[in-house]
Structure formats: C-alpha cells, structure tokens
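In what follows, a single structure is set out as structure tokens and then discussed.
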Amino acid sequence: MFFINSKEFLVNTKWVLILCILVGCSNAQEDKLPFENSSLTFEKRVDDLVARLTLKEKVNQMKDVAPAIPRLGIPAYNWWNETLHGVARSKDTVTVFPQAIALAAGFDRQAVLNMGEICATEARAIYNQALRELLLMLVKHSFL
C-alpha cells in the first residue's frame, strides 16, 4: 500500500515547499520588499530577509516546528529532519556516521565530504521515492 503519513509527507516535501515559497515570492506582480525581488541576487535577498527578522523570530525559525511570520509572508513549517551524521528520523535503512564531534576529531576533510555526498544521495533517494508513492496514490484514488 502506498501510504505516507503526515509527518513523513512534511519531511519529504520540505524542499518542494521551499521552492514553492521562493517561486511564489519571485512571481509576485508587485515586489514590495527586496527579499521578494527576483531580480536581486540570492545573497542580497537572504541578507534582506534575515535583517528584517527579529531575534525572537530568528530563534523560533531554528526549532523543528518553526512558526509562521505573517508580516513577512513566511508560513509555519515542520523541518523535523537533519543529516548531521546520516539521514535522521527516516523509516528507511540509511547509513549512520559518527557524531559530528568524532568526525571533527578525525581531521579528515575528504572523509567528511564523502559522508556529506552519501547523505545527500540517500536523502534525495528517500525524497524521490516518497514523491513516487504520493503520485501513485493520487493516480490510484483519482480513478476510484
């Protein structure tokens, strides 16, 4: 059965939502704030947005359940995942690496780079599989 619970759906669609937010901001008819202006560089947009956030808003965005910031058009979001030493909180079998302090103690930059590439590959595979499952579920239910 192709079923994705709401928590897994949020984890696997994180980047799609971020892209939708960015596309939505960049396609606005009237760019009101610099971070919404798609003609500016990514760095300038980020600098502008971060400068507009209060300290409390910045701290709250570091939580796994980040609250909305309506005055800036930022929706609430559940980040819930990280890959500090492997894809965390995954229902799938993934590679788990030593904690960050142990990786740093090795002083092996290439090993950490290789670890990052492995984590990225596994995360993309999990994400793509979730999208396939969601698509199949939608197609299946559209014909019922």
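FYI, it's all coordinate maths here, none of it is from the lab. No experiment lies behind these values; they were computed from the predicted model shown. FYI the Cβ positions are ideal-geometry reconstructions off the backbone, even for glycines, and counts take in every protein chain you see.
Observations on the structure shown:
- Here the gap between SER90 and ARG71, fully extended at 0.36 nm per residue and compared with their Cα-Cα distance, gives a gain of 3.5 nm.
- Taking amide hydrogens as placed 1.01 Å from N in the peptide plane, the amide H of ILE74 sits under 5 Å from those of ILE69, each at least 5 positions away in sequence or on another chain.
- Pairwise Cα distances in the stretch 82-144 exceed 18 Å for 47 percent of all pairs.
- Selection among ILE126, GLN110, VAL96 by position relative to the dipole of the stretch 82-144 gives ILE126 as farthest towards the positive end (Cβ unit charges, Cα centre).
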